[in-house]
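Step one of this worksheet: look at the structure below.
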Amino acid sequence: MTDFPTLTWTDPSTGATHAARWRSEAGNPPPKRVAIADDRTTADTAYRQACEGIAMLWRGDFQNARQLLQAMSRRADRKPRKAAATPIEAFNLHRQAQSQRARTLGMLLIPLEADYSIDLRRAPDVQDACKEAYGEGEAPSVVSLRELLGLIGAHEWRKKGVAIPALGGEHIHPYYGVFSPVRGEYVDLVARAPLPSQALAFDIGTGTGVLAAVLATRGVKRIVATDQDPRALACARENLARLGLQSQVDVVEADLFPAGRAPLVVCNPPWLPARPNSPIERAVYDPDSRMLRGFLDGLAAHLEPGGEGWLILSDFAEHLGLRTRDALLAMIDSAGLEVVGRDDIKPKHPKASDAADPLYQARVAEVTSLWRLKARGAQPG
């Protein structure tokens, strides 16, 4: 049996020491100091203890715990922001503040029974949400309330789904930890780009399977969709089966490319070259541009003669000073590729119109592009 991190604490009323499995999707270690908190705990006390690194294991009413977390959030949001002189400094300060906020708000803990039930007053039924994220329960565990609320929200998204206009309004149902296609501009780019062939396509890093589904509905006869994440693979398979496209799309586990070549290879890699702080951020942050470089460096070897690679990429990193356009073009050139076309689209997400966002100037300038690439010297298909 796998060894899991363990959270230990002492019951102040009995002096007995207790232990339970510690759950953290971000891989955070269990807190070293744990106090018991209940309905008598004030928001000021809870926030002060959290800032001091003292976790609070909740023993009161569940809905009161939610209200306490909201009050702690308001206190965290009151912290003054440091002024940034450059976009990259603004980004680094924003990430630092996000990390500190998550660490502080993650100090309010909820105990789960072995079957994921919660033995607290007015606690919701979270068993299905926990099973979807963690698998079958084995033993009692403890999780931060913040993470638990994320599981509940993800469970609702998975049931409800996200409507995709490019699929005629059909829904994609994201799993917990798999990036949801709520930003539809990259989907729209793939839906409108001229297809070099309808015979075969590779979808690299498929996630929910949304781009593979779009290609299939556009008439591509066979698509091979790849991913490394077990949740993404299961999510893509379920979505494609729900849409009746499983006979057109093979979902396979692979680090980037499947075997062989295709006349069309599509990739929407993470857009920002920075370190993710949690699994869900792996869809946004790509340390050292590993996936981007891997896709570009391997593309020519997986294209049929005259075939096209579609790189879907935001220029958000460029506006933040994390990567330059010249650096991107140099990556393309050094991979033996040339640009044969580009289609741009402006983002539609709410943060692009929120002037209070610390990264607003970069967001409002952001453009998402579909770069059409060919192997240098390749003849037209």
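Just so it is clear, none of the values below were taken in a lab; they were calculated from the coordinates. Note that the structure is predicted; figures quoted are calculated from it, not measured. Because the Cβ atoms are built from the backbone with ideal geometry, glycine has one as well, and the counts that use them run over all protein chains shown.
Both the radius of gyration and Dmax for the chain are 23.2, 79 Å, in that order, over alpha-carbon atoms.
Which shape class, rounded, prolate or oblate, goes with segment 79-226 when its Cα gyration tensor gives a ≥ b ≥ c as root eigenvalues, a/c under 1.5 marks rounded, and past that a/b bigger than b/c marks prolate? Since a/c reaches 1.5 but b/c is at least a/b, the shape of segment 79-226 is classed as oblate. Taking each residue as 0.36 nm, the span from Ala327 to Asp38 lengthens on full extension beyond its C-alpha to C-alpha distance by 98.7 nm. Only DSSP H runs of four or more residues enter the estimate; each adds -39500 (n - 2.57), and after division by the residues of the chain the mean residue ellipticity at 222 nm equals -10000 deg cm²/dmol. Fewest-first ordering of Arg363, Arg342 by other beta carbons within 10 Å of each residue's beta carbon gives Arg342, Arg363.
Give the long-range amide H neighbours of Arg323: residues separated by 5 or more places, or on another chain, with amide H under 5 Å away, using H modelled in the peptide plane at 1.01 Å from N. Sorted by chain and number, the residues that satisfy this are Glu318.
Once backbone amide H atoms are built at 1.01 Å from N, Leu337 has Arg376 as its partners under 5 Å, excluding neighbours fewer than 5 places away on the same chain.
Can you list the lysines whose alpha carbon is less than 17 Å from that of Lys221, not counting same-chain residues fewer than 8 positions off? Reachable lysines: none.
Modelled label positions at Ser99 and Ala259, each set 7 Å beyond Cα in the direction of Cβ, lie 4.2 nm from each other. Which of rounded, prolate, oblate describes segment 272-322, given a ≥ b ≥ c as roots of the alpha-carbon gyration tensor eigenvalues and a/c under 1.5 marking rounded, otherwise prolate only if a/b is larger than b/c? Cα axes put segment 272-322 in the prolate bin. Shape analysis of segment 21-116 yields a ratio of the Cα radius of gyration to the Kirkwood radius, Rg/Rh, of 1.03. D for segment 163-375, whole µm²/s, Stokes-Einstein with Kirkwood Rh over alpha-carbon pairs at 25 °C and 0.890 mPa s: what number? Here the translational diffusion coefficient equals 142 µm²/s.
Our estimate of slack between Thr45 and Ala163, defined as 0.36 nm per intervening residue step minus the Cα-Cα distance, is 38.2 nm. With kT/(6 pi eta Rh) evaluated at 20 °C and eta = 1.002 mPa s, and Rh the Kirkwood radius from Cα pairs, segment 154-225 diffuses with a coefficient of 170 µm²/s according to Stokes-Einstein.
The string of couplings for segment 256-272 from the Karplus curve (6.51, -1.76, 1.60, θ = phi - 60°) is 6, 8, x, 5, x, 10, 9, x, 9, 10, 10, 8, 10, x, x, 8, 10 Hz, one whole number per residue in order, with x for Gly and Pro.
Take each peptide in 129-141, 264-276, 323-335, 236-248, count the other Cβ atoms within 10 Å of every residue, and average; sorted highest first, the result is 264-276, 236-248, 129-141, 323-335. Bridgeable lysines around Lys160 (alpha carbons under 27 Å apart, same-chain partners fewer than 8 residues away excluded): Lys131, Lys346, Lys348, Lys351. Of the GluC sites (Glu not before Pro) found in segment 45-117, those that fall in a DSSP loop while having at most 14 other beta-carbon atoms within 10 Å are Glu52, Glu113. In this calculation the C-beta distance from Ala365 to Ser24 is compared with R0 = 35 Å, giving a FRET efficiency of 0.50. Quick one: grab the alpha carbon gyration tensor of segment 226-328, order the square roots of its eigenvalues as a ≥ b ≥ c, and give me rounded if a/c is under 1.5, else prolate or oblate depending on whether a/b is larger than b/c. Oblate, since a/c reaches 1.5 and b/c is not below a/b.
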